[in-house]
2 protein chains.
Amino acid sequence: MLSAGAAVLRTVVVGVRTVQKASFAQEFFKADTAVNRTAGRKKPIPPRFTKKSKLKLSEYLKNMATPEIEAQLAPLRIAVKEYGDLVRELKANGAPKIDIDKAVVELKARKKKLEETEVALAPKEASFDRLKLEDLLKRRFFYDQSFSIYGGVTGLYDFGPMGCALKANMIQEWRKHFILEEGMLEVDCTSLTPEPVLKASGHVDRFADWMVKDLKTGECFRADHLIKNAAEKIMSDKKADEATKHALQDVLARLEGFDDKDMHEVITKFNFKSPSTGNDLTPPIAFNLMFPTQIGPTGDFKAYLRPETAQGIFVNFKRLLEFNQGKLPFAAAQIGLGFRNEISPRQGLIRVREFTMCEIEHFVDPSDKSFAKFKKVHSYPMLLFSACNQMDGQPAQTMTIGEAVEKGIVANETLGYYMARTHKYLVKVGVDPRRLRFRQHLGNEMAHYAQDCWDAEILTSYGWIECVGNADRSCYDLTQHSKTTNVKLVAEKKLPEPKTVNVVEAVPNMALLGKEFKKDAKRVQVALSQLSEGEVEALEKQLSAAGSYKLKVDADEFALTPAMITVKRATKTVHVEEITPSVIEPSFGIGRVMYAVLEHSFRQREGDEQRTFLALRPLVAPIKCSVLPISANERLNPIIEAVREELARYDLSYRVDDSAGSIGRRYARTDEIGIPFGVTVDFESEKLPWTVTLRHAESMEQIRLDLTELGSVVSALVTEKMEWTEAQQKYPKFETKNE
Amino acid sequence: MLSAGAAVLRTVVVGVRTVQKASFAQEFFKADTAVNRTAGRKKPIPPRFTKKSKLKLSEYLKNMATPEIEAQLAPLRIAVKEYGDLVRELKANGAPKIDIDKAVVELKARKKKLEETEVALAPKEASFDRLKLEDLLKRRFFYDQSFSIYGGVTGLYDFGPMGCALKANMIQEWRKHFILEEGMLEVDCTSLTPEPVLKASGHVDRFADWMVKDLKTGECFRADHLIKNAAEKIMSDKKADEATKHALQDVLARLEGFDDKDMHEVITKFNFKSPSTGNDLTPPIAFNLMFPTQIGPTGDFKAYLRPETAQGIFVNFKRLLEFNQGKLPFAAAQIGLGFRNEISPRQGLIRVREFTMCEIEHFVDPSDKSFAKFKKVHSYPMLLFSACNQMDGQPAQTMTIGEAVEKGIVANETLGYYMARTHKYLVKVGVDPRRLRFRQHLGNEMAHYAQDCWDAEILTSYGWIECVGNADRSCYDLTQHSKTTNVKLVAEKKLPEPKTVNVVEAVPNMALLGKEFKKDAKRVQVALSQLSEGEVEALEKQLSAAGSYKLKVDADEFALTPAMITVKRATKTVHVEEITPSVIEPSFGIGRVMYAVLEHSFRQREGDEQRTFLALRPLVAPIKCSVLPISANERLNPIIEAVREELARYDLSYRVDDSAGSIGRRYARTDEIGIPFGVTVDFESEKLPWTVTLRHAESMEQIRLDLTELGSVVSALVTEKMEWTEAQQKYPKFETKNE
């Protein structure tokens, strides 16, 4: 996209995404260096994970970086680096594009060999089964396709009670972690956005993908995907001739930089057809990914559904700065919907047409991006996959964010601070830190105005998924809106000491202007007020020399006479200068993070693989505690009632399951929806003082404790002030034969 | 709208709304009986409150129902009742429409006289000043028009930090009060909705207003508003002739029942023109109020932005019922955006194009709408404005919800329960209970399928605003979606005892059907499976008699032969019957409730009317506590730090204002944004043990207490476990000369 920053879920602008049918393991070790040259922005689409493939994640993670494996990979890494260096050198020397492209092809081939070796060295057993997870999520209505009784709509999902609660808890935690803890200014802007706003931001012209249509059926395909799939099919065909294969290899190497003409040429030359029907295809056309609509009844007020929440913050910049009493830096945040009309969305929650985003825009003096609280995160360790690492064939490396900023790997403290806070949030809500890395955009992946950009990528069965973008967007957006509206979007910065400046102004005679230019007089006035000192002097000179001056306003010209203008000169003392703030933007796709959390929480009971469950972090679990009477005997009712009261006193959400099933079956049912703790009331409970058993869902271990202690213990466990192992030390173990 | 239930914010379906430039007081006492016959649904648009008008609400409220006033109003009430009775009688006897209309005109005249007398008897002083409130809300960025640097868009608003926090707190409380306390199933569905869904719900065909356009400029007007305003202008013109005035009076009395032809006739006859330009107007055209868009790239997948969240719940009914283990009753709830493309929205947050709704759909056995927890609200008193009261010229009356249900005024316990819970919620978040009534829809205001409908109306300077609809929607929506999709949307109900039934089925030979009808074979199969027992027997008879049978499927006919069909007979024992649940729907427009809360919380300091502030309930206040050091002297810093820690320990949001202004000015600033409590650290604080003063914003009274007690006291005050007067009794008063 234009704006490299708000990268989450963002689609490439008339760009290219790589969909590979690589195995999970391939992707796991892959250093993704694909670059989008057209848009200055790259969008890694992780490979589709074939439904049957499975893998044992823990094994991969364990074997990831053993010295033995590294020793075997070392020469391959060197081979990648050799061509990484060559590419850099060619670019630095401004070598012809064709030479750079050739070097990139070789670089990619070497990277591929490295990746394949990595895969070969990794163990092959697998146990993660996405089908089972999807079954659970659907069956217990975490989420499911929207309008399915009407046949369903791809890319739209409805969240059921459990998904909704999980999402709400994740958002609530986000609000606490960022907005409240950092004192951000939260706003809530409309999804409906007038066209001129998105024209200024660049979305109307460039937020698009190239698309081809089946000439007969009208079926639509993303042009780059179609070419890639068709080329790969031929290249894997043993009967295809070598010259064609070679030519196609060249196409694939260049595909990311292709425009519509290049793609059309390839489609024509290799006679590519619609994969569904074999029919001919139209030339590529740009398909804008925003949903269009109109506001009001006339039909001529064009609008779109916003593709990101960020623009709502930018257009409110003046109000927010004022709310902050004119002071920089400050951060504004928004939690809300974004909409993108994907051509053919796949991959469940990863690529959807309507989604919740959480975005922060941190406004800061461009000349000072230090961050007061940076010292608090200085020693926070993170897995960083820098642009250098990617070019050098090196894996991501762990270092503290303090070190990364000091070494200049991460551009500044503010960006570093948000990266560390993002990492902390993700881990807090349940992302496995071993499957979380921050990948830096390569120089030519970023929009031209962006200074640095790091995506939080989470490893799932779809590969490394970009879930949060952390970008330094510089002053691009504010400048664009300011240009379009003629409204100054600046902050005042106190000068070290006051200075005296000369002021030269062209003051118009509005009566004359009005008479001469009628309704355009206002435009002329605005244009005059925006002239620089030098321009006013040029105008003055020409007015006195030629007796007139042609003032250009947009496409129009206005002839000014000396009577219309008085040039005034003065000196004034200024204490402040006006600056357009830079923007650091962390941008979260909550649906993607949520999906990653579900994958990372998914478990199968050892020895009973059919029994699947979710080990959600108590903080975000939809329900904190289950309450199960061992029998329907009414004698237990007063105890159940007391348990309810005890849990309610501590504001703990709970669910009583007094249905008929065996206790084991009921446990399994509560485990499936991620309830982390379970209370059982049995006949032992009746002895005074009343006791209950408390079960830890993940380990299935149980303890027995007094009912009066239940609330405080569960509350401590849920808020993670107490570990389960501590509770186990404090209370007697309870053994059951029911599971 | 079609669905009388989800009434909040809902626009009349090709119907008519009444905009009166009545005074606030007029409206305050007005029994609104306007009826929309076209759509079976009525939408009271409260009168515009002229910006200059002011009133002293407390006075009105005090004088509302004194015996003296009631004595003077009594004969007028009787006069209204006389015609109310006549209208009922005419309707009951099926009298001609013209006679009913005439009686309604007289009824309205009498109601007007009653209202005018009520106004005359009410005191005239005024103190509520909406301009001042709007100034505060804009200046402190509670909310403001969206995209104003681009010229702004009517009907769209952005919420700033304070508005956003207030809204988030209100929603959070709604979630607690309804979803958590009642164990509802929350869902989160998409705004994008395919056309067939909204076709089934009736919105595509009937969710519209009549509109006329300026023939030259294309400017659009709501036809009914235009007629009303033009007629009223003529009627208030002393020079206009009496015959015209009389004719227009007749028009106004009938306007609500007018269709496009009637309106066109009136516009032509009285020569009404565009109020902006005096140009001619087009005939009225229906303008659908949904925002249209398309999903996907082909352009032929039509969709809309949902006008209500309810449909998302209905299409998920099966999943939700299953989640609830097949049991009725259960309630589902959704918090999300709704969109309505109003023709020309006015009135700030009251009428907007994009808004947050909170909707509940309670699914219940139609033959048993009792509610287990009803006894908990039985004695809850409410101000009810029944249909009877409205027809009889009587004011709303206070009674317990228990009594209302027992007397049959409110249709059933479930509806009554939600009305009471709605009342409780509204008061909890800050609606003044004296300005809150529940108004019943008149028989012909409701959609044909609705059984009973009560709107929670809140009195604001815009008049009585409908903020929550509480409706019994019967089984309309589920039936519609079921019909369209052929998916059964039913629940199973256990029969008192099993029964044996005969089953007669027409079983098709699919091979033959496929050969004969090709792709229509499936439709024929579905149609056969839906035949009743009698229809199957008729088919069997005719097949054997005539050798063929013409089966109608929608508009098509299929000729069946005996070879295609086998009629199977069996008996089976059934234990359950299938029922389509009724739906009780409380539907909240959160923006409207929020605006009412802001009006009801708005105060001016006595003796200093320029000093305005918001006395928000602590529960929803954006920030709970301010912290103000009396001076910038660094000696106070350790105490400030200790205050911060003390408040954070109790999870209390606070704002430190250590800016330069006087303490009085800083208080005023925190009062404006509705911070209910303020802590001041002064030089007295330094004496050991450290103390601070605590200020109650609404009364400006202060107490002094030990810093170690601060957190628990503020926490108790904020959660309303302690009253301010209690705190005053417990701690010494602190007097200051600073305010």
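Brief remarks follow.
- A:Arg665-B:Glu403 FRET efficiency (beta carbon distance; Förster radius 51 Å; 0.05 resolution): 0.65
- When only the Cβ of Lys, Arg, Asp and Glu is charged (+1, +1, -1, -1), the dipole of the stretch A:497-579 relative to its Cα centre reaches about 360 debye.
- Links that overshoot a 30 Å alpha carbon limit, given the list A:Lys721/B:Lys176; B:Lys327/B:Lys541; A:Lys108/A:Lys167; A:Lys375/A:Lys730: B:Lys327/B:Lys541; A:Lys108/A:Lys167; A:Lys375/A:Lys730
- Whole-Hz Karplus values for the stretch A:562-574 come out as x, 5, 7, 10, 10, 8, 10, 10, 7, 10, 9, 8, 10 Hz, taken residue by residue from phi with 6.51 cos²θ - 1.76 cosθ + 1.60 and θ = phi - 60°; glycine and proline positions read x.
- Share of Cα-Cα pairs in the stretch A:396-512 lying beyond 26 Å, as whole percent: 44 percent
- In the stretch A:439-511, the GluC sites (Glu not before Pro) that fall in loop regions by DSSP, at most 14 other Cβ within 10 Å: none
- Projecting the Cα atoms of B:Gln325, B:Leu252, B:Thr422 onto the dipole axis of chain B, where Lys and Arg carry +1 and Asp and Glu carry -1 at the beta carbon, places B:Leu252 farthest toward the positive end.
- Inter-copy label distances at B:Glu641, using a point 7 Å along Cα-to-Cβ, come to 5.2 nm with the shortest given first.
- Pair-distance profile P(r), taking every C-alpha pair of the stretch A:305-420, with 5 angstrom steps and integer %: 2, 10, 15, 13, 14, 16, 17, 9, 3, 0
- Position B:Lys552, label points 7 Å along Cα→Cβ, spacing to each other copy in nm (shortest first, one decimal): 7.2
- Of every Cα-Cα pair in chain A, the percent that sits beyond 51 Å: 25 percent
- Cα-centre dipole for the stretch B:623-730 with unit charges at Cβ (Lys and Arg positive, Asp and Glu negative), debye to 20: 120 debye
- Across the identical copies, the 7 Å label point of A:Gln249, projected outward along Cα→Cβ, sits 9.5 nm from its counterparts, in ascending order.
- The antiparallel fraction among DSSP beta bridges confined to chain A stands at about 85%.
- Other residues lying with their Cβ under 9 Å from the Cβ of A:Val80 contribute a combined charge of +3, Lys and Arg counting +1, Asp and Glu -1.
- Debye, to nearest 20: dipole size of the protein assembly as shown, +1 on Lys, Arg Cβ, -1 on Asp, Glu Cβ: 1600 debye
- Selection of GluC sites (Glu not before Pro), the stretch A:151-236, meeting DSSP coil and at most 14 other Cβ within 10 Å: A:Glu181
- The residue of chain B whose Cβ sits closest to the rotation axis that maps B onto A, together with that distance in whole Å, is B:Thr293, 2.
- In chain B, helical runs assigned H by DSSP with n ≥ 4 each contribute -39500 (n - 2.57); averaged across all residues and rounded to the nearest 500, the mean residue ellipticity at 222 nm is -11000 deg cm²/dmol.
- Annotation: amide H-H contacts under 5 Å for B:Phe301 (H modelled 1.01 Å from N, sequence separation of 5 or more, or interchain): B:Ile295.
- Between the beta carbons of A:Arg434 and A:Ile69, assuming R0 = 22 Å, the FRET efficiency works out to 0.85 to the nearest 0.05.
- Projected onto its three principal axes, the C-alpha set of the protein assembly as shown covers 105, 103, 77 Å, listed from the longest axis down.
- Cβ-based charge dipole, the stretch B:446-508, positive-most Cα from B:Pro498, B:Gln480, B:Trp454: B:Pro498
- Test item: B:337-345 mean partner chain Cβ contacts at 10 Å: 3
- Computed over the stretch B:497-579, the P(r) curve from all C-alpha pair distances, binned at 5 Å from the origin, holds 3, 14, 24, 24, 15, 9, 8, 3, 1 percent per bin.
- Inter-centroid distance (Cα atoms) of the stretch A:586-659 relative to the stretch B:668-718, Å: 40 Å
- Whichever lysines have a C-alpha closer than 20 Å to that of A:Lys515, once near sequence neighbours (fewer than 8 apart) are set aside: A:Lys550, A:Lys552
- The Cα center of the stretch B:201-264 and the Cα center of the stretch B:390-463 differ in position by 30 Å.
- Ranking B:Gly674, B:Gly312, A:Ile227 by how far each Cα lies toward the positive end of the dipole of the protein assembly as shown (charges on Cβ) leaves A:Ile227 at the top.
- For the protein assembly as shown, share of DSSP beta bridges that run antiparallel, in % to the nearest 5: 85 percent
- The stretch A:623-730: equivalent-ellipsoid semi-axes (sqrt of 5 x gyration tensor eigenvalues, Cα, Å): 19, 16, 13
- Per-residue 3J(HN,Hα) values for the stretch B:315-330, derived from phi via the Karplus relation 6.51 cos²θ - 1.76 cosθ + 1.60 with θ = phi - 60°, read 5, 9, 3, 4, 4, 5, 4, 4, 4, 8, 6, x, 9, 9, x, 8 Hz in sequence order (x marks Gly and Pro).
- ³J(HN,Hα) computed for each position of the stretch B:188-205 - Karplus, 6.51 cos²θ - 1.76 cosθ + 1.60, integer Hz, glycine/proline x: 9, 9, 7, 6, 5, 9, x, 3, x, 5, 7, 5, 4, 6, x, 5, 4, 7
- Spin-label model distance (nm) - A:Lys733 vs A:Asn229, 7 Å beyond Cα toward Cβ: 5.5 nm
Every number in this text was worked out from the coordinates using simple rules, so none of it is lab data. None of these values were measured; they are calculated from a predicted model. Counting neighbours? That spans all protein chains shown, and the Cβs are built from the backbone with ideal geometry, glycine included.
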